[in-house]
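Let me begin by presenting the structure, written as structure tokens, before commenting on it.
The values are calculated or read from the model by the stated rules, or taken from the named source; none is laboratory data. Computed from a prediction, not measured in an experiment: that's the story for all the values here. For neighbour counting, all protein chains shown are included, and Cβ atoms are generated from backbone atoms with ideal geometry for every residue, glycine included.
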Amino acid sequence: MEKSIHPNTRHGHKAGGKSSPTYQTWCEMKRRCQDVNRHDYERYGGRGIKICERWQDFANFLKDMGVRPPGKTLDRVDNSKGYEPSNCRWATRKEQIQNRRVPKNQRLFFAINRQDLMILSNNQHEFARRYNLNQCNITNCLSGRNRTHKGWRFLRIPTSLN
């Protein structure tokens, strides 16, 4: 539940020494993108993710995004772009997981079974779960340490084609 408006604040989201979830989210967004000493700076500000000038002021962020709904967090629709009204939404954990950048071990690959059925995938974890395989063994095949796993062969698609 959001805090009531305190007479000494403009927005009422930092009253009595406590911050609202919306204000905490805004502060975290700024730290990720602007604090070079922060542990996750390289994944945000370090790779060029910026906050629009308008959102440097919490009141504008609040006006554009509204109060953070329970169970949701700030999500960038396009993870290669910055924090701005047209690229942000409040999303559930599940929605955010589906919207992540593709990690190195989740690049496009082909899987070929014993019947030479070829399947294109970009998610080793999901592929392993669906076909009852071990994700670590898929990774080993894609890196060249193993040739096959349970009759499946795996071929990595070059990054330039991803």
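Overview of values
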| read-out | value |
| --- | --- |
| Which listed residue, of 68, 38, 43, 31, is surrounded by fewer than 18 Cβ atoms within 10 Å (Cβ to Cβ), under 20 Å from the mean Cα position of the chain (by Cα) and at pLDDT 95 or above | 31 |
| Those residues of region 63-84 which are out of contact with any Phe, Trp or Tyr (no Cβ under 8 Å at 6 or more places or on another chain) and on the phi < 0 side of the Ramachandran plot, in sequence order | 63, 67, 70, 77, 78, 79, 80, 81, 82 |
| Candidate set: region 85-108, residues that are closer than 24 Å to residue 50 by Cβ and modelled with pLDDT of 90 or more; chosen: the one surrounded by the fewest Cβ atoms within 10 Å (Cβ to Cβ) | 86 |
